[in-house]
Amino acid sequence: MSITNQLLLFKDVVQQGSFSKAAALHDMDNSSLSKQIKKLEATLGVQLLNRSTRSFSLTSAGEEILNQTHVLVDTLNQIHSIADSYQSEPKGLLRITAPIFFGQEYLRPVVAQFMKAYPNVQVTMSLDDKRADIIADHFDLAFRVGKLSESNLIARKIANTNFAVVASKQFVMNHGHPKSIEALIEMPAVVYSNGDVTLDQIRTSETPHSEVMKTFKMRGNYKVSDVRTMMGAVQDGLGYALIDLFNLDRPISESGLMPLLTDHKLSTMDTGIYAIYPHRKQTLLVSEFIRFVQEHIGTPAFWENHIPDYHQLYR
């Protein structure tokens, strides 16, 4: 194995925090990976890691060499980007991560179109509502819904987030049609909750068409960790929900749902739907896939038509 590959293994051991996780990332066994690190140390003539039975730490030499390994990785990525820019069409492996519902509903058909258009492309798509570490987990492209937080990554907004409060018609028959936000939050709600993310608050105007915004806490009688289950529970009449319009996989009239409190302004809470990638210089593979996604979704996104005259509501 070349010293370059050994340095990349060393970097992954540190980023993953364990030999076993780094070995799994490269489909290796622990002993093989450990041997490569020892060979690297022998080649360099310095110890990179202080090892114990349960953990490891970087030596001073290891810290400096890790920093230079990051520079090496950036250089290698730039070389690949330059080479990709001279290709006539995308080819190679594209590794994508995205939230489950967004990936299933909107990326799945795009992947099918993309791979048919470019038969020399391979795609690996990992769907998880918990955000992956794009760099450590070696993803080329991620799709994020919400607020941006990774300042060291490059983000491109592909759609606005647009919220609505919805409930089933049966729910409204049973609980009444709320005329105020105070009446709404006394009703049972279906809340999205996954890991450390619980979306159980509504930021809205206190009175119709007011600019004065206030945050209200929902009565989350039912908390679920995925969008499809949340929408199914709303259709079953278990509660109302605050949703992003992309959560609607069809026109609202076909779902047996109706929007509530449409005369109250809803905050977007500085959120959006973004394509995120590690380097400012996009590869042809990444830029072309983002273009396919953007064309499929449209500008504005086609789901904004799932609630008739939406742009005149919640204002």
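Key figures
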item	result
Inter-residue pairs, beta-carbon under 8 Å, first touching a residue at least 12 places away in the same chain (Cβ under 8 Å) and more than 19 Å from Asp263 (Cβ to Cβ) and in the range 288-315, second surrounded by fewer than 14 Cβ atoms within 10 Å (Cβ to Cβ) and of a type in the set (Ser, Thr, Tyr), 6+ apart	none
Selection from the range 187-216 of residues that are surrounded by fewer than 18 Cβ atoms within 10 Å (Cβ to Cβ) and over 20 Å from Tyr314 (Cα atoms)	Pro188, Ser193, Asn194, Gly195, Asp196, Val197, Thr198
Filter pass, Gly239 being over 18 Å from the mean Cα position of the chain (by Cα), touching a residue at least 12 places away in the same chain (Cβ under 8 Å), under 27 Å from Lys217 (Cα atoms) and not assigned by TED's automatic domain parsing to the domain that holds Lys116	yes
Residue match in the range 19-32 (condition: loosely packed, with under 13 Cβ neighbours inside 10 Å and under 25 Å from the mean Cα position of the chain (by Cα))	yes
Any hit, the range 76-83, residues being in a strand (DSSP E or B) and assigned by TED's automatic domain parsing to the domain that holds Gln16	no
Residue in the range 119-140 that is assigned by TED's automatic domain parsing to the domain that holds Pro300, more than 30 Å from Ser255 (Cα to Cα) and among the basic types (Lys, Arg) present	no
Exclusive hit being at pLDDT below 95 and touching a strand residue (DSSP E or B) at 6+ places or on another chain (Cβ under 8 Å), set Leu285, Leu238, Leu242, Leu257	Leu285
Test: residue in the range 262-281 that is among the aliphatic types (A, V, I, L, M), surrounded by fewer than 19 Cβ atoms within 10 Å (Cβ to Cβ) and either in contact with a Cys (Cβ under 6 Å, 6 or more places away or on another chain) or in contact (Cβ under 8 Å) with a residue 12 or more places away in the chain (or both)	yes
Residue match in the range 152-164 (condition: under 25 Å from Ser267 (Cβ atoms), charged (D, E, K, R) and touching a strand residue (DSSP E or B) at 6+ places or on another chain (Cβ under 8 Å))	yes
Test: Leu242 is touching a Phe, Trp or Tyr at 6+ places or on another chain (Cβ under 8 Å), crowded, with 19+ Cβ neighbours inside 10 Å and part of a loop (DSSP other than H, G, I, E, B)	no
Residue ID - nearest to Met269 (Cα to Cα), chosen from residues in the range 165-186 that are surrounded by 16 or more Cβ atoms within 10 Å (Cβ to Cβ) and of a type in the set (Gly, Ala, Ser)	Ala167
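Conditions (1) at pLDDT below 90; (2) exposed (fewer than 14 other Cβ atoms within 10 Å of the Cβ); (3) more than 25 Å from the chain's Cα centre (by Cα); (4) in a helix (DSSP H, G or I), marked per residue:
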site	(1), (2), (3), (4)
Phe10	no, no, yes, yes
Leu40	no, no, yes, yes
Thr53	yes, yes, yes, no
Gln68	no, yes, yes, yes
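The values are calculated or read from the model by the stated rules, or taken from the named source; none is laboratory data. Small disclaimer: the values here were computed from a predicted structure and weren't measured. Neighbour counts run over all protein chains shown; Cβ positions are idealised from the backbone, glycine included.
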